[in-house]
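What follows is a single structure, written as structure tokens, with notes after it.
The values are calculated or read from the model by the stated rules, or taken from the named source; none is laboratory data. Since this is a predicted model, take the numbers as computed values, not measurements. So basically every Cβ, Gly included, is an ideal-geometry build from the backbone, and we count neighbours across all protein chains shown. These accessible areas exclude ligands, DNA and RNA; they are computed on the full protein's heavy atoms, side chains included. Shrake-Rupley method; radii C 1.70, N 1.55, O 1.52, S 1.80 Å.
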Amino acid sequence: MYNISQIREDFPILSRTVYGKPLVYLDNAATTQKPLCVLDAMRGEYLSVNANVHRGVHWMSQQATDLHEAARETVRRFVNAKSAAEVVFTRGTTESLNLVASSFAEGFMREGDEVIVSAAEHHSNIVPWQLQAQRRGIVLKVIPVDDGGMLQTGRLESLITPRTKIVSVGHVSNVMGTINPVREIISIAHAHGIPVMVDGAQSVPHFRVDVQELDCDFLAFSGHKVYGPTGIGVLYGKEEWLDRLPPYQGGGEMIERVSFEKTTFERPPLKFEAGTPDYVGTHGLAAALDYVSALGMDNIEAHEQALTRYALEQLCSVPGIRFFGCSPGTEARHDAVISFLVGNIHPMDLGTLLDQLGIAVRTGHHCAQPLMDRFGIPGTVRASFALYNTKEEVDMLVEGIRRVVAMF
Ligand code: PLP
């Protein structure tokens, strides 16, 4: 049973007020709130076994190392990787994407080689490749999106050339919530022997993502968007790729033997984890993944889908509302994010006035300026849902928007 009031008790912050109004937190695509079990796990580690991992012979260091490596196994299970060696801990999706862009370009790309991204990417899946374009002369190509916000996957085949070395696409758009057909993209790319990196920042928190089923070569996600702590994230990479990629950063932990003449590196995942890892963060992330697993990702998905459907139906009644990438009837290709504009009201004004009512939404370009350019708009208002949001909160959002519209 999905008991929403019981679930909300796990997130004490949800019962706070803002400007004397009950908080309605609908900015979950930016970051999610944390259940008590995550906070308890992290506090427990600091209180009882805090010690640096991997290098201590003493008891506490071994305990901390066990927790850290157990967290890796939890992530492995969560995304169904073949081996824990395929799970690299990073600071988040952004660092995972930078790691692959940097190491892949260094290892496998020469001037004139191409990477394919999409027009709906978050900046963190554009700018790292652009940096490589500036440094190494690689070329970015872009899968366009149609007016409904869907990737024009049919165009992928014609973008691929013998110089295409990698495809890097988002699984779910953080602006529109559109679910991209990554399985199809991966099949097309693999038919040409091209690996695919998937930005899972907005998919992993909302539905079951199985890396073996997808057959992606890399997957990135952030702990803080899946009810875990900030500053910890994951790069999944197929072992054969992680073995071949050059290291990203140098330092302790990632080496096997160092001398001034020659340094040899650890095997993955440690090869990509220079320096002291955020071992308390990994333990907190594991607690978060255990929490959502206990609720059931399928149950979470069903709850959020129903809520999104309800929100779309209710929002339709707002005069002058215009959706981006979603509308009633497109829910099957759509996740827990709704982007919209209302009449001529500037998104910032709408967001600010909703805030006064205790309703937290995001406004602006959502780190996807090329997509804003595609639609010819400066930004949108975005409401994004999580496992703890309720129909009553959707009603408050709709009522709040109506009030703002009436003021204008
Ligand atoms: N990719 C997508 C689709 C996102 O929505 C975000 C964050 O909003 C990121 C990447 C970057 O995630 P982070 O800031 O946690 O590294």
Could you please let me know if ARG322 is in contact (Cβ under 8 Å) with a residue 60 or more places away in the chain, open to solvent by 60 Å² or more (accessible area, probe 1.4 Å) and not aromatic (Phe, Trp, Tyr)? no
Among the residues of segment 230-256, which ones are within 20 Å of ASN52 (Cα to Cα), surrounded by fewer than 17 Cβ atoms within 10 Å (Cβ to Cβ) and either without any contact (Cβ under 8 Å) to a residue 24 or more places away in the chain or among the aliphatic types (A, V, I, L, M) (or both)? ILE255, GLU256
Does ILE143 fit the bill of being aliphatic (A, V, I, L, M) and within 16 Å of the ligand (Cβ to nearest atom)? yes
Looking only at segment 347-369, how many residues end up being open to solvent by less than 60 Å² (accessible area, probe 1.4 Å) and farther than 17 Å from THR308 by Cα? 13
Only one residue in LEU387, LEU357 is more than 20 Å from the chain's Cα centre (by Cα) and of a type in the set (A, V, I, L, M, F, W, C), so which one is that? LEU357
Could you tell me whether ASP373 is at pLDDT below 95 and crowded, with 17+ Cβ neighbours inside 10 Å? no
Would you tally the residues in segment 100-138 being surrounded by fewer than 19 Cβ atoms within 10 Å (Cβ to Cβ) and in a strand (DSSP E or B)? 0
Test VAL204 against the criterion of being within 10 Å of the chain's Cα centre (by Cα) and of a type outside the set (Gly, Ala, Ser), and give yes or no. yes
So, in segment 182-201, exactly how many residues are over 14 Å from the mean Cα position of the chain (by Cα) and either of a type in the set (A, V, I, L, M) or modelled with pLDDT under 95 (or both)? 8
Per-region count, segment 196-215, residues in contact with a strand residue (DSSP E or B) (Cβ under 9 Å, 6 or more places away or on another chain), in contact (Cβ under 8 Å) with a residue 60 or more places away in the chain, more than 11 Å from the ligand (Cβ to nearest atom) and under 21 Å from THR90 (Cα atoms): 4
Note: among SER259, SER187, SER222, just one is within 13 Å of the ligand (Cβ to nearest atom) and in the same structural domain as ALA119 (by TED's automatic domain parsing), namely SER222
Sort out which residues of segment 1-19 are in contact (Cβ under 8 Å) with a residue 12 or more places away in the chain and in a loop (DSSP other than H, G, I, E, B), and write them in order of number. TYR2, ASP10, PHE11, TYR19
Which pairs have Cβ atoms under 6 Å, sit 6 or more apart or on different chains, and link a residue in segment 358-377 that is closer than 25 Å to SER15 by Cβ to one that is within 15 Å of the ligand (Cβ to nearest atom) and open to solvent by 20 Å² or more (accessible area, probe 1.4 Å)? ARG362/ALA30
Residue, farthest from GLU273 (Cα to Cα), within segment 46-86, restricted to residues that are of a type in the set (A, V, I, L, M), part of a loop (DSSP other than H, G, I, E, B) and open to solvent by less than 60 Å² (accessible area, probe 1.4 Å): VAL49
Can you tell me which residues in segment 257-274 are crowded, with 16+ Cβ neighbours inside 10 Å and over 17 Å from VAL79 (Cα atoms)? PHE265, GLU266, PRO268, LEU270, LYS271, PHE272, GLU273, ALA274
